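Worksheet: the structure to be examined is printed underneath.
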Amino acid sequence: MPDVVSDLHSIGELARASGLTVSALRFYDGAGVLTPALVDPVTGYRWYTDAQVAPARLVAGLRRVGMPVPDIAAAVRAEPAEVHRLLDAHLRRLTDGLADARREITRLRTLVDPAPAVVTTLLLSPAEFAAALDAVRFAVGVDPELPALSGVLLDVEPDGVRLVATDRHRLALARAGAAVDGPPVRVLLPVDLVDRLRRLLDTDDGPVRLTVAGPELRVMVAGRTLTGVALPYDFPDYRRLLRDAVGARPAAYRIPVDVVALRAELRDPAAPTLAREYAGTPLAVSVLGLDEAGGLRLLHPTELTGPPADPNGGLRFGVNSAYLLDALDAAGGPQLVLELDGPIAPLAVRRPDDEDTFSVLMPIRL
């Protein structure tokens, strides 16, 4: 034993060579990240080889930048290209976390020293505002652990307002023109206020007057007034979500669809679907493909084995059947366009005459 140990480094020596503490080396041994080359069965002393100095230094650096232990373990065993990928992913997490922290600190500063509320007032057409609410309401989140998704974002612009809702699995956007008096503002409407407001909009009795004063909301329509308080959460950066989901380039497939016919086909009890499960709940998945003319058709599960049956590249896109129906119902109109880039890219459901109103559905792997 002494001859072998003399060729190894003690845990203290490795600590000094790597920048890790002795307790950290013991921790990473227990976590299976950096195990000793030899452990004395009598004393329990840990011994390390020269080849373990560089991995230990890598662990020390990854520890200093806060990389999670599972990723550190993967990096120690990975090829350089994979280590770079892990570093890039961690850097993105840090960047996103810093942006979130800055927003939260800004919110905390306003709690400590609130500034006078800035007032913005919008005058909107009841019909146009109602149509915009209808186009996004279906995508509002219901997960109590994600309260920031439990409302409709109003992103007020100089000449109108953009409405946005998402539950992570789908994203819906619409726009309504407005006469705006005051600076641009973003406010998250509680879904109960959205539903109460929507019930008042089936009228032509003058414009809707929406006033935003800090978190306070006041809506006047048809001689009635609704008041509420905006949700105190930061809605996700939907513009970044759109860039990630849809991208800037034109979709590979732009498929016009007859909404009435597609809705009837999806609602047919005999419609071909795949049975899946999500969070313990059964899920019906529709698989979209192309016919010989490049039009949309629903594929039968038996067509998903063997070589692609479609002549136009074998497009096979899985989507939650209920979510697709919701998107078709919300979009309205007899004709819509489905935009696809492939089986793992999101699906966009658009009105052919309105680029500002559309929804995005996440794919389901087949």
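The values are calculated or read from the model by the stated rules, or taken from the named source; none is laboratory data. Predicted, not measured: the structure shown is a model, and the values here were computed from it. Reconstructed Cβ throughout: ideal geometry from the backbone, glycine too, with neighbour counts over all protein chains shown. Quick note on the areas: whole protein, heavy atoms, side chains included, nothing else; ligands and nucleic acids left out. Shrake-Rupley method; radii C 1.70, N 1.55, O 1.52, S 1.80 Å.
Under unit Cβ charges (Lys, Arg +1; Asp, Glu -1), what dipole magnitude, rounded to 20 debye, does region 127-260 have relative to its Cα centre?
Charge dipole of region 127-260: 280 debye, to the nearest 20.
Using amide H atoms built 1.01 Å from N in the peptide plane, name the residues 5+ places from Gly160, or on other chains, whose amide H lies under 5 Å from its own.
The answer is Ala178.
How far apart, in nm, are two points set 7 Å out from the Cα along the Cα-to-Cβ line at Ala270 and at Leu366?
My value for the distance between the label points is 2.2 nm.
Residue-wise, which Karplus ³J(HN,Hα) couplings in Hz belong to region 289-300, taking 6.51 cos²θ - 1.76 cosθ + 1.60, θ = phi - 60°, and x for glycine or proline?
Along region 289-300, the couplings run x, 10, 8, 5, 8, x, x, 7, 8, 8, 8, 7 Hz.
For the pair Ala31 and Glu145, what calculated FRET efficiency results from E = 1/(1 + (r/R0)^6), where r is the Cβ-Cβ distance and R0 = 35 Å, to the nearest 0.05?
0.80
Kirkwood Rh over alpha-carbon pairs of region 148-300, then Stokes-Einstein at 37 °C and 0.692 mPa s: what D in µm² s⁻¹, rounded to an integer?
Answer, rounded: 173 µm²/s.
What translational diffusion coefficient, in µm²/s and rounded to a whole number, does the Stokes-Einstein relation yield for the chain at 37 °C and a viscosity of 0.692 mPa s, taking the hydrodynamic radius as the Kirkwood radius over Cα pairs?
After rounding, the answer is 132 µm²/s.
Between Ser23 and Leu241, what is 0.36 nm times their sequence separation minus the Cα-Cα distance? Round to one decimal in nm.
74.3 nm
What is the distance, in nm, between label points placed 7 Å from the Cα along the Cα-to-Cβ direction at Leu111 and at Arg77?
Computed distance between label sites Leu111 and Arg77 equals 4.2 nm.
Size of the dipole of the chain about the Cα centre, Lys and Arg at +1 and Asp and Glu at -1 on the beta carbon, nothing else charged, in debye to 20?
In total the dipole reaches around 720 debye.
Excluding ligands and nucleic acids, what accessible area in Å² is computed for Val229 using a 1.4 Å probe, to the nearest 10?
Taking all protein chains as shown, Val229 has close to 80 Å².
Compute the angle between helix 191-200 and the longest alpha-carbon principal axis of the chain, please, reported from 0 to 90 degrees and rounded to the nearest 10.
Approximately 10 degrees, to the nearest 10.
Starting from the Cα of Glu157, step 7 Å toward the Cβ, then list every residue of region 97-140 with an amide N under 20 Å from that point.
Residues 120-137 fall inside that zone.
Carbon and sulfur atoms: what percent of the 1.4 Å accessible area of region 65-181 do they account for?
61
Quick one: which residues, 5+ away or cross-chain, put their amide H under 5 Å from the amide H of Leu290? H built at 1.01 Å from N.
HN-HN under 5 Å from Leu290: Arg297, Leu315.
Rounded to the nearest 0.05, what FRET efficiency do Leu58 and Asp181 have when you use their Cβ-Cβ distance and R0 = 56 Å?
Efficiency at R0 = 56 Å is approximately 0.45.
When a/c reaches 1.5 or more, the comparison of a/b and b/c decides; with that in mind, is region 67-108 rounded, prolate or oblate per its Cα gyration tensor?
Prolate, because a/c is 1.5 or more and a/b exceeds b/c.
With a sphere of radius 9 Å drawn around the Cβ of Asp143, what net charge do the other residues whose Cβ falls strictly inside it have (Lys, Arg +1; Asp, Glu -1)?
Computed value for this residue: -1.
Mind listing the long-range amide H neighbours of Val185? Cut-off is under 5 Å, sequence gap 5 or more, other chains count too, H placed in the peptide plane at 1.01 Å from N.
Answer set, sorted by chain and number: Val156.
Could you give the length gained by full extension between Glu13 and Glu104, i.e. 0.36 nm per residue of separation minus their alpha carbon distance, to one decimal place?
Extra length available between Glu13 and Glu104 comes to 28.5 nm.
Got a sec to turn the phi values of region 53-69 into Karplus ³J(HN,Hα) couplings, 6.51 cos²θ - 1.76 cosθ + 1.60 with θ = phi - 60°, whole Hz, x for Gly and Pro?
Karplus-based 3J(HN,Hα) across region 53-69 equals 5, 4, x, 5, 5, 4, 4, 4, x, 5, 5, 5, 8, x, 5, x, 4 Hz.
For the chain, what does the helix formula give at 222 nm: sum of -39500 (n - 2.57) over DSSP H segments with n ≥ 4, over the residue count, nearest 500 deg cm²/dmol?
One gets -10500 deg cm²/dmol as the mean residue ellipticity at 222 nm.
With just the Cα atoms of region 1-87, tell me how far they stretch along each of the three principal axes, in Å, largest first.
Result, largest extent first: 42, 22, 20 Å.
Rounded to whole Hz and in sequence order, give me ³J(HN,Hα) for region 251-257 from the Karplus expression 6.51 cos²θ - 1.76 cosθ + 1.60, θ = phi - 60°, writing x for Gly and Pro.
5, 5, 10, 10, 10, x, 9
With the cut-off at 22 Å, report for region 8-153 the share of all Cα pairs above it, as a whole percent.
64
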